[in-house]
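Note sheet for the following structure.
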Amino acid sequence: MDSTEDAGGVVSDHFDTDDPLTDLTDLYAFPASAVGRTVLVVDFNPEPAAQDVPFDTAASYELKVDTDGDAEADVAFHVIFSPSSGGATATVYRSTGSLARESGPVGDVVVSWAPVSLDGEIHVTEAKGYRFFAGIRSDPHFKDVKGFQNNFQFTGEDPVALRDVVGIVLEVPNHALASSPPIRIWARTTRMAGGTSMIIDQAGLPGTNNAWAVEDADHAAFSVTPPSRQVELFLDKFESVLRGLGYPDEEANATARGLLPDVLTYNWLEVPGFPNGRCLTDDTADWLLALLTRGRITSDGAGPHTDLLDEFPYLGPPHVASRS
């Protein structure tokens, strides 16, 4: 498996925080096979085999949903992991209103003590109209990483195809997200520090932080800035990067505003596929490449992974199939 040096930097949202246990990698939203339902997927920990426990039991893994366009959460799902005899379990909380903007175990429990799959086996929990899975799986993101790092000289080689992540997959009734679409979704990880809940990492659109927050200080700041403040604090910086790539001022502004705030927009009444949500087979690397080159190059030659499942939880089996 390639090193983090080979895979970092331009692999979606991978490796943009110091702690892999709370490092979000990708966010997906797409229709479930059953009518009137949506699948939300958030992946984290780009090197799960490197840790005895591939998640942080003190952290909250959160899906935030904005239903009215103000970049503030109106609905939220929070996943809390707990160790158990011979493995681990997860509990999912759903909150609305002001509670949706908080962190940790707040709101109503919708899934409790769900077994976490650490050995390659699929353990699906169904409760109260929800389906839930969490465990180590194959990373679905695909990209010719070395080509991005080598001045866009692409071969179609995809080192991410050999990597694993920890995947959280939640299937929900659409009415549990909002009374009507569109909605805006982002994921974040938080942990208590000094009596205050602190944001560790966030993910919305694929690769926003790694591609556009080019300075180390901006990377760190962007990872912990709520979507409601991202336009205010980062629009000028994103525009500057785009102007450096050859975008005229007006086009740089419009493109930056399309990237900020860093949330995934989803409307279940329209045809799915990025930028309307994100399916596991959507070629977001080509989308990013076209932005970075202002349309000069439109494909890196890499394609969707062939290990994806046709049914829940959709993510392919892990490459490290068992844990010692």
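The values are calculated or read from the model by the stated rules, or taken from the named source; none is laboratory data. For clarity, every value in this text was computed on a predicted model and none was experimentally measured. So basically every Cβ, Gly included, is an ideal-geometry build from the backbone, and we count neighbours across all protein chains shown.
Some points to look at:
- Residue, surrounded by the fewest Cβ atoms within 10 Å (Cβ to Cβ), within region 113-133, restricted to residues that are of a type in the set (A, V, I, L, M, F, W, C) and part of a loop (DSSP other than H, G, I, E, B): Ile122
- Of all residue pairs spaced 6 or more apart or on separate chains, those with beta-carbon atoms under 8 Å, a first member in region 221-244 that is farther than 15 Å from Thr208 by Cα and a second member that is not acidic (Asp, Glu) are Ser228/Ala71; Ser228/Pro261; Arg243/Ala252.
- Selected residue [among the β-branched types (Val, Ile, Thr) and within 18 Å of the chain's Cα centre (by Cα)] from Val116, Val92, Val109: Val92
- Met192 in a strand (DSSP E or B), within 20 Å of the chain's Cα centre (by Cα), surrounded by fewer than 14 Cβ atoms within 10 Å (Cβ to Cβ) and not aromatic (Phe, Trp, Tyr): no
- Qualifying residue in region 67-79 (condition: in contact with a strand residue (DSSP E or B) (Cβ under 8 Å, 6 or more places away or on another chain), more than 20 Å from Asn174 (Cα to Cα) and modelled with pLDDT of 95 or more): no
- Qualifying residues in region 13-65 (those that are of a type in the set (Val, Ile, Thr) and farther than 25 Å from Tyr266 by Cβ) - the one surrounded by the most Cβ atoms within 10 Å (Cβ to Cβ): Val53
- Within region 200-220, tally of residues that are over 22 Å from Asp139 (Cβ atoms) and polar (S, T, N, Q): 0
- Candidate set: region 74-92, residues that are crowded, with 19+ Cβ neighbours inside 10 Å and touching a Leu at 6+ places or on another chain (Cβ under 9 Å); chosen: the one nearest to Pro181 (Cα to Cα): Val75
So that you can scan it fast, the table gives a plain yes or no per residue for (1) assigned to a helix (DSSP H, G or I); (2) over 29 Å from Leu162 (Cβ atoms); (3) not acidic (Asp, Glu):
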{"residue": "Arg243", "(1), (2), (3)": "yes, yes, yes"}
{"residue": "Ala254", "(1), (2), (3)": "yes, yes, yes"}
{"residue": "Asp262", "(1), (2), (3)": "no, no, no"}
{"residue": "Thr265", "(1), (2), (3)": "no, yes, yes"}
{"residue": "Asp282", "(1), (2), (3)": "no, no, no"}
{"residue": "Ala285", "(1), (2), (3)": "yes, no, yes"}
{"residue": "Asp300", "(1), (2), (3)": "no, no, no"}
{"residue": "Gly303", "(1), (2), (3)": "no, no, yes"}
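- Restricting Phe55, Phe15 to those that are aromatic (Phe, Trp, Tyr), at pLDDT 95 or above and under 16 Å from the mean Cα position of the chain (by Cα) reduces the list to Phe55.
- The strands (runs of 3 or more DSSP E) located wholly in region 22-106 that include 3 or more residues which are over 19 Å from Gly207 (Cα atoms) occupy 37-44, 59-66, 75-84, 87-96.
- Contact map, region 96-111: residues that are under 19 Å from Thr57 (Cα atoms) paired with residues that are part of a helix (DSSP H, G or I), Cβ distance under 6 Å, separation 6+ or inter-chain. Pairs shown: Val106/Leu99; Gly107/Leu99.
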